[in-house]
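Please treat every number below as a calculation from the coordinates, not as lab data. A quick note: this is a predicted structure, and the numbers were derived from the prediction, not measured. Every residue, glycine as well, gets a Cβ built from its backbone with ideal geometry; the counts of neighbours run over all protein chains shown.
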Amino acid sequence: MYTLLSGLYKYVFQKDEYCILILGLDNAGKTTFLEQSKTRLSKNYRGVSLAKITTTVGLNIGTVDVGKARLMFWDLGGQEELQSLWDKYYAECHGVIYVIDSTDEERLSESKRAFEKMVTSEALDGVPILVLANKQDVEPCLSIPDIKTAFGDCASKIGRRDCLTQACSALTGQGVREGIEWMVKCVVRNLRRPPRQRDIT
Ligand SMILES: Nc1nc2c(ncn2[C@@H]2O[C@H](COP(=O)(O)OP(=O)(O)OP(=O)(O)O)[C@@H](O)[C@H]2O)c(=O)[nH]1
Ligand SMILES: [Mg+2]
């Protein structure tokens with residue numbers, strides 16, 4: 001009886017918690033993506049004005065529930081001197097969202113270098129990666145095939161883990177829900193990194 005009740009309690013009151021890192025160069029749109037995600041997916045969240053978001057110096061944390069999964073987002077600053085802090089979070093994370101500014105062709109190779117460094121880190125072995133081609137609301141911008149071509153030689157480094165490149169506009173919300181739902185599916189089935197169990201608060 002105790003087992004039955006405790007199983008029922010866990011089913012109703014516990015969520016599986018997953019930590020998701022949001023990475024990418026400064027100005028890529030990471031914090032805007034985080035705010036848009038909270039606004040779209042959290043019932044009672046009254047979002048901040050996206051126009052008021054400024055560059056991240058430390059990190060921003062945000063939580064979004066999708067079904068029985070609770071995603072804990074860690075949005076890290078992307079400026080060059082802050083990128084050296086990214087790997088401090090790798091061991092704890094279940095998934096990575098890597099944001100690219102599709103309007104900034106000049107910095108695409110810089111973004112690729114940062115991506116390559118991240119993806120070859122052993123601490124992220126097997127972790128699913130969602131690559132967001134952000135700012136698709138701006139004309140002209142790089143398309144998904146443009147970005148896949150530029151990042152082409154990263155394919156072998158990505159290996160057999162789940163990886164999706166998705167068109168997105170953090171500003172208008174295009175592709176935001178789809179990206180997060182894909183990430184939830186991946187982290188839930190990734191047995192290599194089990195979730196943390198948390199009571200709902
Ligand atoms: N047009 C357009 N602008 C965007 C989009 N996403 C973000 N921006 C703008 O890009 C700029 C940078 O956005 P942030 O969200 O602060 O970028 P970040 O990646 O968090 O930057 P750091 O915190 O410095 O690493 C802001 O002016 C945003 O309004 C988008 O989808 N479309
Ligand atoms: Mg930011």
**Fill in**
Within the set Glu92, Glu105, Glu181, GNM on the chain using Cα springs under 10 Å gives the largest fluctuation to Glu181
**Message:** I need the phi-derived Karplus couplings for the stretch 162-178: 6.51 cos²θ - 1.76 cosθ + 1.60, θ = phi - 60°, integer Hz, Gly and Pro marked x.
**Reply:** 5, 8, 9, 9, 10, 6, 7, 10, 5, 6, 8, x, 4, x, 5, 4, 4
**Fill in**
Distance in nm between Ser49 and Ala150 label points, each 7 Å along Cα→Cβ, equals 3.1
**Request:** Only helical DSSP H runs with n ≥ 4 go in: add -39500 (n - 2.57) per run for the chain, normalise by residue count and round the 222 nm mean residue ellipticity to 500 deg cm²/dmol.
**Result:** -9000 deg cm²/dmol
**Asked** Tally Lys/Arg at +1 and Asp/Glu at -1 over every other residue whose Cβ is under 15 Å from the Cβ of Asp87; what's the total?
**Response** -3
**Request:** Using a Gaussian network model of the chain whose springs link C-alpha atoms within less than 10 Å, name the residue from Leu34, Leu50, Leu171 with the highest mean-square fluctuation.
**Result:** Leu50
**Message:** Using the Kirkwood formula on the Cα atoms of the stretch 8-47, what hydrodynamic radius do you get, in angstrom to one decimal?
**Reply:** 12.6
**Asked** What does the charge add up to near Val187, with Lys and Arg as +1, Asp and Glu as -1, over the other residues with Cβ less than 14 Å from its Cβ?
**Response** +3
**Request:** Report, in debye and to the nearest 20, how large the dipole of the stretch 14-192 comes out about its Cα centre when Lys and Arg carry +1 and Asp and Glu carry -1 on their Cβ.
**Result:** 780
**Item:** Equivalent ellipsoid, the stretch 65-123 (semi-axes from 5 times Cα gyration tensor eigenvalues, Å)
**Value:** 23, 15, 11
**Message:** Residue by residue through the stretch 64-77, what is 3J(HN,Hα) from phi via Karplus (6.51 cos²θ - 1.76 cosθ + 1.60, θ = phi - 60°)? Round to whole Hz and write x for glycine and proline.
**Reply:** 9, 9, 10, x, 8, 9, 10, 9, 9, 8, 10, 9, 9, x
**Request:** Quick one: among Arg189, Arg40, Arg177, which has the greatest mean-square fluctuation in a GNM of the chain with alpha-carbon springs under 10 angstrom?
**Result:** Arg189
**Item:** Positive minus negative residues near Ile129 (Lys, Arg vs Asp, Glu; Cβ under 10 Å)
**Value:** 0
**Asked** Which residues in the stretch 60-84 place their backbone N less than 13 Å from a point set 7 Å from the Cα of Val188 along the Cα-to-Cβ direction?
**Response** 65-71
**Prompt:** Does a label point 7 Å from the Cα of Ile158, set along Cα-to-beta-carbon, have any residues of the stretch 89-104 with amide nitrogen under 17 Å, and which are they?
**Reply:** 95-102
**Request:** Counting residues in the chain as N, plug N into 2.2 N^0.38 Å and put the Cα Rg over that result.
**Result:** 1.04
